[in-house]
Amino acid sequence: MQAIDWSSIGFGYIPTDYNVRCVYRDGAWGEIETTSDTNISLSIAATCLHYGQEAFEGLKAYRCPDGKVRVFRPDENAARLQATCRGLVMPEVPTELFIEMVERVVRLNESFIPPYESGATLYVRPLLIGTTAQVGVHPASEYLLVIFVTPVGPYFKGGFSTNPYVITRDYDRSAPLGTGCYKVGGNYAASLKANKWAHEQGYSCEFYLDAKEKKYIDECGAANFFGIKQGTYVTPLSTSILPSVTNKSLMQLAADMGLKVERRQIPIEELATFEEAGACGTAAVISPIERIDDPETGHSYVFAPDGKPGPVSTRLYKKLVDIQYGIEPDVHGWTRVVIDA
Ligand code: PLP
Ligand code: COI
């Protein structure tokens, strides 16, 4: 293996030694297979290719200062994948199978888990695809679940440092009764144009409004939104956003810290009242928001006038990351030791 400069890697793809796979056929999941082949062989008529019958997940494994390797809330990712499966009429992946595959692929690729000091982590990417060859639009009868890993650095520039974001009114990533609440490739395909537009103007990412009324903040292309004001953690309630494991965890940590937690619609104008704001997700962790610009009204909602992350976001970030790295006591039982010291 070529030496990797862990502290300089971005959120990309570095192939590793092994991935694990499981096939669903004749109404049942088969045995877990291990392979070092990073390609898959598929029929040109597979349903995932034509009709987007594909789902994915994202979680991380952490090399901790105590020498152990932990993964964070894999049961939550399993539950969300099951919800996605129901949404796309795919067979549900049992939680035990999901966790066993996650643990196995992390152990097999131990040499790719970045050191604690680097700030990089091992990203775990489960992928479920319909593989039946058919041209009619109906669910496949055969599926492939692959879980691979890749070492990653920060998703948004600078990691825990503030970035500018922009509201888009010209594009929706999902519809109110569509697939926004599921982790499916189509949502991300739908976000590429708006994301390109945002990047071309120097923004970190685009923020979507609710698709129906365009009145409320939904989320950005790859992370949920939260705002902090007067001792309250506020995050959107919407049918078209992904239920984020990170956000769910932050809501709990905020409550533990004595903050009030509100999950409700957030009118755009309310952005002016937040003292701090952040984008949160597995890849983003917390990406503190410097400002959100609204090109239509010309309004710039500034959350970090000095360019620095706010005190509440900083406390939440530290608490979350310290639990993930086994530094803080894991009072909620969120972490799972995959490799012992
Ligand atoms: N929203 C979207 C659209 C995402 O892709 C992600 C990433 O998974 C999130 C939110 C954050 O979810 P989680 O915290 O479970 O990673
Ligand atoms: C994640 O945060 O895990 C994501 O999946 C976001 C993005 C890489 C799609």
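Residue-wise test of (1) surrounded by fewer than 23 Cβ atoms within 10 Å (Cβ to Cβ); (2) farther than 23 Å from G158 by Cβ.
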{"site": "K196", "(1), (2)": "yes, no"}
{"site": "H199", "(1), (2)": "yes, no"}
{"site": "G202", "(1), (2)": "yes, no"}
{"site": "F207", "(1), (2)": "no, no"}
{"site": "E213", "(1), (2)": "yes, yes"}
{"site": "E219", "(1), (2)": "no, no"}
{"site": "F226", "(1), (2)": "no, no"}
{"site": "K229", "(1), (2)": "yes, yes"}
{"site": "P236", "(1), (2)": "yes, yes"}
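Restricting attention to the stretch 27-77, the residues that are of a type in the set (G, A, S) and more than 26 Å from S111 (Cβ to Cβ) add up to 9. The listed residues are A284, A304, A272, and the only one of them that is of a type in the set (A, V, I, L, M, F, W, C), surrounded by 20 or more Cβ atoms within 10 Å (Cβ to Cβ) and at pLDDT 95 or above turns out to be A304.
The set of residues from the stretch 148-176 being of a type in the set (D, E, K, R), more than 16 Å from ligand 2 (Cβ to nearest atom) and in contact with a Phe, Trp or Tyr (Cβ under 7 Å, 6 or more places away or on another chain) comprises just one member, D172.
When restricted to residues that are farther than 23 Å from T282 by Cβ and either touching a Phe, Trp or Tyr at 6+ places or on another chain (Cβ under 7 Å) or polar (S, T, N, Q) (or both), the stretch 298-341 contains 1. T131 - would you say it is touching a helix residue (DSSP H, G or I) at 6+ places or on another chain (Cβ under 8 Å) and either closer than 21 Å to T35 by Cα or within 16 Å of ligand 1 (Cβ to nearest atom) (or both)? Yes, satisfied. Is at least one residue of the stretch 155-162 in contact (Cβ under 8 Å) with a residue 12 or more places away in the chain, surrounded by 23 or more Cβ atoms within 10 Å (Cβ to Cβ) and closer than 30 Å to R104 by Cα? The answer is yes, given that some residue of the stretch 155-162 is in contact (Cβ under 8 Å) with a residue 12 or more places away in the chain, surrounded by 23 or more Cβ atoms within 10 Å (Cβ to Cβ) and closer than 30 Å to R104 by Cα. Of all residues in the stretch 181-209, those that are within 11 Å of ligand 2 (Cβ to nearest atom) have Cβ atoms under 9 Å from Cβ atoms of residues that are of a type in the set (F, W, Y) and assigned to a helix (DSSP H, G or I), 6 or more apart or on another chain, in N195/Y188. The strands (runs of 3 or more DSSP E) found entirely in the stretch 16-120 that carry 3 or more residues being out of contact with any Cys (no Cβ under 9 Å at 6 or more places or on another chain) are 19-25, 59-63, 69-72. Look through F160, F148, F225 and report the one residue that is over 21 Å from R86 (Cα atoms), touching a strand residue (DSSP E or B) at 6+ places or on another chain (Cβ under 8 Å) and at pLDDT below 95. After ruling out the rest, the residue left standing is F160.
With respect to the conditions (1) more than 22 Å from the chain's Cα centre (by Cα); (2) within 13 Å of L145 (Cα to Cα), N19 falls short on a single one, namely (1). Identification of helices (runs of 4 or more DSSP H) wholly contained in the stretch 177-292 with 3 or more residues that are more than 13 Å from ligand 1 (Cβ to nearest atom) yields 192-200, 245-256.
The values are calculated or read from the model by the stated rules, or taken from the named source; none is laboratory data. Here the structure is a predicted model, which is why all the values come from computation and not from measurement. FYI the Cβ positions are ideal-geometry reconstructions off the backbone, even for glycines, and counts take in every protein chain you see.
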